[in-house]
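J.: Just passing along the structure, written as structure tokens.
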Amino acid sequence: MLRAAQDSDFTFLRGFSSGPRDERLRAQIQEGRLLIIESLEVPVGFIKFYVLWELLPFMEVIVIRDDHRGCGIGRRAVREWEAQMAAKSFKLTIVSTQADETAKGFWHRVGYQDCGSLALPGRPLELFMYRDISTAVDPKNC
């Protein structure tokens with residue numbers, strides 16, 4: 001279900017937004033920070049992540065095409081990403097969402113707990129959540 005993005009995914013990824021600039025998107029693909037979410041071997045979304053301070057995986061964004069939402073693809077992709085991070089000996093993962101978005105409910109449903117927020121001038125409040133993945137379940141069994 002998850003695979004590393006490749007140069008051939010550029011057009012698919014570009015179709016989700018006008019940013020980042022083309023050269024930055026290509027760099028993110030090369031850096032291995034983009035994962036393609038597939039359903040029946042067809043790309044339906046992506047995950048962009050970083051590892052902060054070399055010890056804390058941070059999922060910056062998960063996007064699922066509208067016509068594939070609500071059927072568990074996002075939850076399974078998150079669990080698979082967590083399993084990949086746990087396999088690399090990480091113990092926690094973090095995510096964030098804006099306080100004015102509905103994603104907070106999704107993150108709570110998949111087991112993330114609030115751990116802080118960031119308020120920047122002129123921007124919506126950013127909420128941070130974490131999950132202990134040290135006892136992560138195999139995503140094929142959820």
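J.: Would you mind telling me which residue in R21, R79, R33 has the biggest mean-square fluctuation in a Gaussian network model of the chain, where springs connect alpha carbons within a distance under 10 angstrom?
T.: Answer for the Gaussian network model of the chain: R21.
J.: Right, another one. Scan segment 36-113 for GluC sites (Glu not before Pro) in coil per DSSP, keeping those whose Cβ has at most 13 other Cβ atoms within 10 Å, and list them by number.
T.: Qualifying residues, ordered by number: E41, E54, E101.
J.: Related question: Using only DSSP helix segments of four residues or longer, with each worth -39500 (n - 2.57), what per-residue ellipticity at 222 nm results for the chain after dividing by its residue count and rounding to 500?
T.: Working: 4 runs with 36 residues, N = 142.
Calculated at 222 nm, the ellipticity per residue is -7000 deg cm²/dmol.
J.: Extending each Cα 7 Å along its Cβ direction at S134 and V61, get the distance between those two points in nm, one decimal.
T.: In this crude label model, S134 to V61 measures out at 3.3 nm.
J.: Mind checking which aspartates and glutamates have their C-alpha under 20 Å from K91, skipping anything on the same chain fewer than 8 residues away?
T.: The reachable aspartates and glutamates, counting only those whose Cα sits under 20 Å from K91, are E54, E60, E80, E82, D114, D132, D138.
J.: Note down the magnitude of the dipole of the chain about its Cα centre, charges +1 on Lys and Arg C-beta and -1 on Asp and Glu C-beta and zero elsewhere, to the nearest 20 debye.
T.: Charge dipole of the chain: 140 debye, to the nearest 20.
J.: For the chain, which longest stretch is free of loop sites, where a loop site is one of the chymotrypsin sites (Phe, Trp or Tyr not before Pro) that DSSP puts outside H, G, I, E and B and that has at most 14 other Cβ atoms within 10 Å?
T.: That gives 54-142 as the longest site-free run.
J.: What is the Cα convex hull volume of segment 95-135 when expressed per residue in Å³? Working shown, then result.
T.: Working: hull volume 2.1 nm³, N = 41.
Output value, Cα hull per residue: 51 Å³.
J.: Across segment 2-141, how large is the tail of the calculated P(r) beyond 25 Å, expressed as a percent of all Cα pairs?
T.: 27 percent
Coordinate-derived values only; no laboratory data. Just so we're clear, the structure is a prediction, and the values are computed from it rather than from any experiment. Methodologically, a virtual Cβ is constructed for each residue, glycine included, from the backbone with ideal geometry; neighbour enumeration extends over all protein chains shown.
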